[in-house]
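What follows is a single structure, written as structure tokens, with notes after it.
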Amino acid sequence: MPRQNRVTPTGQIIADPARGAWMGNRGGKIHADGQLLPRRRWASRRWITCALHFKDRQRQVMGAGYTELFFLDEVTALAAGHRPCFECRRTDAIVFATAFSGTGIARADDMDAILHRERCGPLDTLQAHSLPDGCFFSKDNAAWLVIDGRAHEWTPSGYRQNKALPDHPVTALTPASIRDALQAGYAPQVDRNGIGPRT
């Protein structure tokens, strides 16, 4: 039975056999004995996205240390409110922090404080066409990724049907400060294998 450690664009943590391209955590250990997740969903406001492999380090998933979480792709992690790790993804983290700030390299603590407020606050309602590539919105109980002017439906193992962007307001899932970073030029990894031809 798969562990409950896969993250959706809404920030939920689900059980699914699809592993994904990235690992991350929410500031420490949130699982209990038996690798089960109780009601707690973060240990601190430091939510990061990490490389699956770094300096030949080996970890026991959901062992004694922090709770390892997994993401289909980086845009999924960003929508859930996770930023790049400054240790294992230093280059990406600096590029992200620069786009996040707009005036220099934002400090990790400052970004984490802003992101935590956005994660805990109400979601924004916006026109779908105003969302930059790499953002998610919610519609019909599904999460949709905006890429190349189309909406692609998210699943734990990849994207499926894609449609024209709706002409009415939608609920944005990607936090506002991350939307701004994407607009400023941060280019996250996308599971392109699931981005098919237009339908």
Query raised in the report: Between a first residue in the range 15-32 that is more than 10 Å from THR67 (Cα to Cα) and a second residue that is among the polar types (S, T, N, Q) and at pLDDT 90 or above, which pairs have beta carbons less than 7 Å apart while being 6 or more apart in sequence or on different chains?
Result: ALA15/GLN4; ALA18/SER157; ALA21/GLN189; TRP22/THR49
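Take the residues of the range 155-198 that are within 25 Å of ALA15 (Cα to Cα) and among the β-branched types (Val, Ile, Thr): which is nearest to the chain's Cα centre (by Cα)?
The initial filter retains those residues of the range 155-198 that are within 25 Å of ALA15 (Cα to Cα), namely 155-162, 171-175, 188-195.
Then keep just the ones that are among the β-branched types (Val, Ile, Thr); that gives 155, 171, 174, 190, 195.
Details: THR155: 13, THR171: 16, THR174: 8, VAL190: 11, ILE195: 17 Å.
Per the stated criteria, the residue is THR174.
Every residue in the range 86-122 that is among the hydroxyl-bearing types (Ser, Thr, Tyr) and part of a helix (DSSP H, G or I), please. Give the steps one after another, and end with the answer.
Initial filter on the range 86-122 (among the hydroxyl-bearing types (Ser, Thr, Tyr)): 91, 98, 101, 103.
Correct list: THR91, THR98, SER101.
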Query raised in the report: Just one of the numbered conditions (1) free of Cβ contacts under 8 Å to residues at least 24 places away in the same chain; (2) surrounded by 15 or more Cβ atoms within 10 Å (Cβ to Cβ); (3) not aromatic (Phe, Trp, Tyr) is not true of ARG150; which one?
Result: (1)
Query raised in the report: Among the residues of the range 179-198, which ones are within 30 Å of ILE105 (Cα to Cα), hydrophobic (A, V, I, L, M, F, W, C) and part of a loop (DSSP other than H, G, I, E, B)?
Result: ALA184, ALA187, VAL190
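For the range 56-68, state whether one or more residues are closer than 23 Å to GLY185 by Cα and at pLDDT 90 or above. Even if it seems obvious, please write down each step before you answer.
The first filter runs over the range 56-68 and keeps only residues closer than 23 Å to GLY185 by Cα, leaving none.
Among the residues of the range 56-68, not one is closer than 23 Å to GLY185 by Cα and at pLDDT 90 or above, which makes the answer no.
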Requested in this report: Identify all residues within the range 15-37 that are in a loop (DSSP other than H, G, I, E, B), modelled with pLDDT under 90 and either among the aromatic types (Phe, Trp, Tyr) or surrounded by fewer than 16 Cβ atoms within 10 Å (Cβ to Cβ) (or both); write none if there are none.
Outcome: ALA18
Query raised in the report: Taking MET62 and the conditions (1) buried (at least 20 other Cβ atoms within 10 Å of the Cβ); (2) under 26 Å from GLU118 (Cα atoms), which numbered condition does it fall short on, given that it satisfies the others?
Result: (2)
Report task. Give GLY149, GLY185 a once-over and let me know the one that is at pLDDT below 95 and of a type in the set (Gly, Ala, Ser). Result -> GLY149
**Report entry** Meets criteria (among the hydroxyl-bearing types (Ser, Thr, Tyr), under 15 Å from the mean Cα position of the chain (by Cα) and crowded, with 22+ Cβ neighbours inside 10 Å) for THR76
**Finding:** yes
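This table checks each residue for (1) part of a helix (DSSP H, G or I); (2) buried (at least 22 other Cβ atoms within 10 Å of the Cβ); (3) acidic (Asp, Glu).
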| position | (1), (2), (3) |
| --- | --- |
| SER138 | no, no, no |
| VAL146 | no, yes, no |
| ASN162 | no, no, no |
| PRO166 | no, no, no |
| THR171 | no, no, no |
| SER177 | yes, no, no |
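The values are calculated or read from the model by the stated rules, or taken from the named source; none is laboratory data. These numbers were taken from a predicted model, which means no experiment stands behind them. We place every Cβ from the backbone using ideal geometry, glycine too, and count neighbours over all the protein chains shown.
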